[in-house]
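The values are calculated or read from the model by the stated rules, or taken from the named source; none is laboratory data. In this text the structure is predicted, and so the values were computed from the model without any measurement. Methodologically, a virtual Cβ is constructed for each residue, glycine included, from the backbone with ideal geometry; neighbour enumeration extends over all protein chains shown. Just the protein is used for accessible areas: all its heavy atoms, side chains included, with ligands, DNA and RNA removed. Shrake-Rupley method; radii C 1.70, N 1.55, O 1.52, S 1.80 Å.
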There are 2 protein chains.
Amino acid sequence: MSDTFDIVIIGAGPVGLTLAAAIRRTGPYTIKIIDTKPDPTLCGRASGVQGRTLDFLENMGLKSHIMTCEPGKVFEVAFWNPSEDGEGIRRTSNAYSYPDFIDTRYHHSTIIHQGHIERILLEDIAKSSIKVDRPCTFSDFRMVDDNAYPVQADLKSPEGNTTVRAKYLFGADGARSLDPVTFVWSVIDGVVKTDFPDIGIKCTIHSKSGSSMIIPEGRNRTRIYVQLQRTTDPNEELWSKYKQEDTQKLANKIFSPYKIEWEEVDWWSMYPIGQRLAEHYTDRHRVFIGGDACHTHSPKAGQGMNYGMFDAQNFAWKFHQLQNGFAAPSLLDTYEQERRKAANQLLDFDIRYARLFSSRPEAEKEKSKGEETEFMKLHRTAASFTSGYEVNYGTNGLNWSQPAGVVNSKAFDPTGVKLVPGRTFPTCSVTRVIDAHPCELDLEVPFNGAWRIYIFAGDVAATGSAMADLESRLAAPASFLRKHAKDTTLTWENRHGPQSSCFTFSLVYCNKRSAVELNDVARGFFAPYRFHIYADDISASGERGVPGRIYEKMGFDKVKGGVAIVRPDNFVACCLSLEDGAVTADAINEYFQNVGSTVS
Amino acid sequence: MSDTFDIVIIGAGPVGLTLAAAIRRTGPYTIKIIDTKPDPTLCGRASGVQGRTLDFLENMGLKSHIMTCEPGKVFEVAFWNPSEDGEGIRRTSNAYSYPDFIDTRYHHSTIIHQGHIERILLEDIAKSSIKVDRPCTFSDFRMVDDNAYPVQADLKSPEGNTTVRAKYLFGADGARSLDPVTFVWSVIDGVVKTDFPDIGIKCTIHSKSGSSMIIPEGRNRTRIYVQLQRTTDPNEELWSKYKQEDTQKLANKIFSPYKIEWEEVDWWSMYPIGQRLAEHYTDRHRVFIGGDACHTHSPKAGQGMNYGMFDAQNFAWKFHQLQNGFAAPSLLDTYEQERRKAANQLLDFDIRYARLFSSRPEAEKEKSKGEETEFMKLHRTAASFTSGYEVNYGTNGLNWSQPAGVVNSKAFDPTGVKLVPGRTFPTCSVTRVIDAHPCELDLEVPFNGAWRIYIFAGDVAATGSAMADLESRLAAPASFLRKHAKDTTLTWENRHGPQSSCFTFSLVYCNKRSAVELNDVARGFFAPYRFHIYADDISASGERGVPGRIYEKMGFDKVKGGVAIVRPDNFVACCLSLEDGAVTADAINEYFQNVGSTVS
């Protein structure tokens, strides 16, 4: 008999660790996680955490741990190009990393070493007594005749070879092989002394001596990328020839007339840039891959770790919903479908971005001062994309817009609603009724693998009968959610999922907080959601007691309200009208019955 | 020979510990701190941290430690009074703790146990290897003939009696004796189960069975105050007679028809409410007292710890400036002058607040529904006061408005400027030029005992010559600040005080960040302040790149600018015009020469 696990995770980098951290939040699953390296990453490597990724980490309760590290925050980017007189470089333009039109809480990307991220995640999973087995190498797997634990994996460690059995196997062990190399870069992390004025912000520098990029890392530390050479072949010789000093010399050539002196060097590395997208993310619905194992690309837009973490998030909640029998096994088919689509978009972007970045300035037509170069233009238009909020899974078995063959189809997509199924549920500040705290609605339910059903209950004076109808029908024996709900007492500890680990409700009124009487609205089926009742009463400028901002943003009727079913990963699943009678509850039922039978 | 110290602090409660934490930030002083109790406070006791106090703690880098404790945050207050039909209680009104008109970053008071505050401060001072000697009791002191260490203090500990010598002695050992008792209250901290809807916010309850107050403490914990009886004599019997159960029973009577059940009790106590203000805060300019040793009052407005902490802050920077020879010894005279004035204002407020609070509802004329009672009215009008931003030291030797007998008097109080000498420098969001971070100008220099000289340098295209004149005159041999400036190299570590531990400069331009060229403005005398150059370019709604909001708020000319000299405790000292020629530098000189010779 071999050991059995709900999931075995191969690789304890940011992706594998995020998967373990995400799954442990959904339930008491048995998780084995292994890594070939004897120790975690200590410094250098991936460092960019984009806006939406920070939202996710905040939703896992990890943002404060990240901020304790005093990470770099990139609010602006400067573009430097050769001086017009042919000597040295000049700043040709500035841009915000995330322009004001991007709907984000934090107008910066966050720069934190992979070592810190790994440590934070390791400390997190240790709270569920999960430790990484290392060094431990995965060698092979096979499917065996066991309904409960059908995957058998062979592992090698200094103690010898072992075999484990698992329900699922997830490969997060990074890029498989050296893919075709397009560019070779060198990177130095450290403390510099310089008269270059933009050392504190992100910069891209195109000079006649080559290209470079500056990333501020916080606490006076700086990362400098230097492009070493363009090549179409992996050039083994290059790796042995180049020294740290060569990179530093080249950097000074590129930055001339400014001088850069390294007072300390934390890390130095060289690497080739390749591109690859795996054809499949899964093998027989039991073995999955995510992160660099699926997709590799240039590090220039700071996306790699982010996409990998979202692979992990997407898989984690689907895994949980299946284990609980709330969702049908076909739910996991949407993992590859959604995440491969996202990676494809990234690779398209990356090709354009990396080519432009690596092109010599002469190759790009010189523009007159003030006019945007192609590169600057791409940067601006791509800000929504790089921040992460642009990801769009489209409609599919989970994301319903104008669904066909649905009995209650007229309840879906109420007129005026701006939420888009398959895109992220937007940021929104509301006031919590029970304690008058202003809070962020999208973060109020911590990531726990549960669906978030938001009842935008309109004006408390107008929707009494619609809410009573909805409540009583959700509580009826035929209700899908009722069938999956436990009868438990609401406590402070279980407040985010009092009835189930698979779904939770929030009620959002379009009223001033003090107009919503807690004991009147938290009743019947909604009684356990006393801690999740909100008033949309904070104006755009932060004034309190002014109802309607979020209703306007989402397009719900301020009197009649509506319903948003949001996935556990904060993507919008579908929107419904809130009406008297059976239709709203029936439509909710119909949506979830589909999740529970076949997601197609 | 006895041990010698720069300062000996009697009492390691929040006030004594804040003093030690504040002083250690100003320089490497030798500090002895003692306490009679063998252990720090573990639970209960003082808990309200008001808005301006949170600013101060944030300025000491301690806010994140406080937030890690998940403290209670009080955003709203509800007022409950007897029902109109004579049975039970009804909510008659709601109010924001800090209405939107209060200029604060955080619209809440923060509820954190004294035990947490003490632990955070103990951990902080341990970073300078300062430990509390405990149990250790102060018995007496005398002045001795020693210019360096003129105060001799006698201390008693289990190891025996010792004598220490100090430059200064500071008594932060709490209330001296039982003052005339006006009211007796009981307090319970714990976890309650209740159907009372406002358990999550602050409430004052007047019922026919008595008065009560609810304070939410965070993490589902609640403090409930119950007034036991009104008395004019200390009643020893009361203390032995009453039990926790009696308080709980009385609370249920007061809250009827709502029920309150205690699932856990963390702390239970009873105490009388007295009022006292010490006649003097100092003895022979060498021995000082602060906190409850000076002023005691009711806990109802949550002020006690806050005033004590500001006593400590006020003393700490003045102590530092004297030790460095930057300020004249008479600077310490302003400690009593300013802090006794503030305490007097508090006691005035407290008398009115406590009387109204403790009055039976029948005693106050019943108002018709919707109309404000006296108590509600006082609460509303007092919000500025309780938040802490209302404190006004007025003009004195430090705070100059239209100063008489000053050569450059016409440079002071430029037309239109709204900053008030003797009041706090307001909150303001600006963009840091070097790294494009949005930041809070008033918190940018950490509390370090140094004056904060803000050059509001107007439009970068217009003030070049005024700034060049100011810079060269500040750098001239006759300049008071130049004389107190060291020639050091700017480093990341010394960036908040590159020239001196007694003053620092910040430059604030009324331009878009990208219009301020770092290498052009950080030159000459201002070169070491490269990390403290800002652009006022964030609009009220948070839009970036829109100059002028802070200039408008403070009333400085957006083109010509001006100067604000701000004290180390963030109180405005004086405001100056920024002009071509000598006048601005001369006025700065004149102000500081006065600080350095005689503060009167």
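State the three equivalent ellipsoid semi-axes of chain A, derived from the C-alpha gyration tensor as the square roots of 5 times its eigenvalues, in descending order and whole Å.
44, 31, 20
If you take the accessible area of B alone, add that of A alone, and subtract the area of the pair, what total do you get in Å², probe 1.4 Å, to the nearest 100?
So the buried area, both faces added, is about 3000 Å².
How do B:288-295, B:462-469 rank on mean C-beta neighbours within 10 Å, highest first?
Ranked from most to least packed, the peptides come out as B:288-295, B:462-469.
Given the DSSP H assignment, sum -39500 (n - 2.57) over each helix run of at least 4 residues in the protein assembly as shown and divide by its residue total; what's the result at 222 nm in deg cm²/dmol, nearest 500?
Rounded to the nearest 500, it is -8000 deg cm²/dmol.
Starting from the Cα of B:GLU159, step 7 Å toward the Cβ, then list every residue of region B:116-133 with an amide N under 13 Å from that point.
Under 13 Å, as judged by backbone N against the label point of B:GLU159, lie B:131-133 of region B:116-133.
Can you give me the long-range amide H partners of B:ASP3? Hydrogens built in the peptide plane at 1.01 Å from N, cutoff under 5 Å, separation of 5 or more residues or another chain.
B:ARG165
Order B:ASP520, A:ASP195 by their accessible area, 1.4 angstrom probe, all chains in place, largest first.
The ranking, largest first, comes out as B:ASP520, A:ASP195.
Among DSSP beta bridges lying fully in the protein assembly as shown, give the percent that are antiparallel, nearest 5.
So the antiparallel bridges amount to about 75 percent of the total.
Pop out the carbon and sulfur fraction of the accessible area of chain A as a percent, whole number, probe 1.4 Å.
Carbon plus sulfur share of accessible area: 48 percent.
In sequence order, what are the phi-derived ³J(HN,Hα) couplings for region B:401-417 according to the Karplus relation 6.51 cos²θ - 1.76 cosθ + 1.60 with θ = phi - 60°, rounded to whole Hz, with x for glycine and proline?
In residue order, the calculated couplings are 10, 6, x, 8, x, 10, 4, 9, 4, 5, 6, 7, 6, x, 3, x, 5 Hz.
Using the alpha-carbon atoms, what tilt in degrees (0 to 90, nearest 10) does helix B:333-358 show relative to the longest principal axis of chain B?
30 degrees
Which of the three applies to region B:409-597, rounded, prolate or oblate, going by the alpha-carbon gyration tensor with a ≥ b ≥ c and a/c under 1.5 meaning rounded?
Since a/c stays below 1.5, the shape of region B:409-597 is classed as rounded.
Based on alpha-carbon centroids, what's the gap between region B:395-418 and region A:124-162 in Å, whole number please?
Cα centroid to Cα centroid, the span is 75 Å.
Computed FRET efficiency, Cβ-Cβ of A:THR36 and B:LEU277, R0 56 Å: what is it to the nearest 0.05?
FRET efficiency, A:THR36 to B:LEU277: 0.20.
In region B:529-549, what residues drop by 20 Å² or more in accessible surface going from the chain by itself to the full protein assembly, probe 1.4 Å?
B:ARG530, B:SER541, B:ARG544
What does the average come to when, for each residue of peptide B:215-221, you count the partner chain Cβ atoms lying within 10 Å of its Cβ?
The per-residue average across the peptide is 2.
Roll a 1.4 Å probe over the protein chains and send me the accessible area per residue for the protein assembly as shown in Å².
38 Å²
Compute the acute angle (0 to 90°) between the alpha-carbon long axis of helix A:14-24 and the principal axis of greatest extent of the alpha-carbon atoms of chain A; round to the nearest 10°.
It is inclined by approximately 20 degrees.
Residues of region A:411-435 that become at least 20 Å² less accessible with every protein chain present than in their own chain isolated, using 1.4 Å: which are they?
Residues meeting the cut-off: A:ILE434, A:ASP435.
Rounded to the nearest 5, what % of DSSP beta bridges with both residues in chain A are antiparallel?
75 percent
Could you identify the residue of B sitting closest to the B-A rotation axis by Cβ and state that distance rounded to whole angstrom?
Nearest-to-axis residue on chain B, with distance in whole Å, is B:SER541, 2.
What's the FRET efficiency of A:SER409 with A:ARG284 using the Cβ-Cβ distance as r and R₀ = 45 Å, to the nearest 0.05?
0.85
Over chain A, what is the relative contact order in whole percent, taking alpha-carbon pairs under 8 Å and six or more residues apart?
Once normalised by length, the contact order is 15 percent.
Rounded, prolate or oblate: which fits the protein assembly as shown when a ≥ b ≥ c are the square roots of the eigenvalues of the alpha-carbon gyration tensor, with rounded for a/c under 1.5 and prolate only if a/b beats b/c?
oblate
Compute the long axis of helix A:464-474 from its Cα atoms, compare it with the longest principal axis of the Cα atoms of chain A, and write down the angle in degrees, 0 to 90, nearest 10.
80 degrees
Treat every Asp and Glu Cβ in the protein assembly as shown as -1 and every Lys and Arg Cβ as +1, leave all other atoms uncharged, and give the resulting dipole magnitude about the Cα centre to the nearest 20 debye.
100 debye
Would you work out the relative contact order for region B:409-597, in percent, from Cα pairs under 8 angstrom that are 6 or more residues apart?
35 percent
Which net charge results for the neighbourhood of B:ILE201, defined as the other residues with beta-carbon distances under 13 angstrom from its beta-carbon, given Lys and Arg at +1 and Asp and Glu at -1?
So the surrounding residues net to +2.
Please name the residues of region A:478-496 whose accessible area, counted over protein heavy atoms with a 1.4 angstrom probe, falls by no less than 30 Å² between the chain alone and the full protein assembly.
The answer is A:TRP492 - residues whose exposure falls by at least 30 Å² when every protein chain is included.
Could you check what % of the DSSP bridge pairs in region B:409-597 are antiparallel, to the nearest 5?
Of the beta bridges lying entirely in region B:409-597, close to 65 percent run antiparallel.
First select every other residue whose beta carbon is under 14 angstrom from the beta carbon of A:ASP333; then total the charges, Lys and Arg +1, Asp and Glu -1.
Net charge around A:ASP333: +3.
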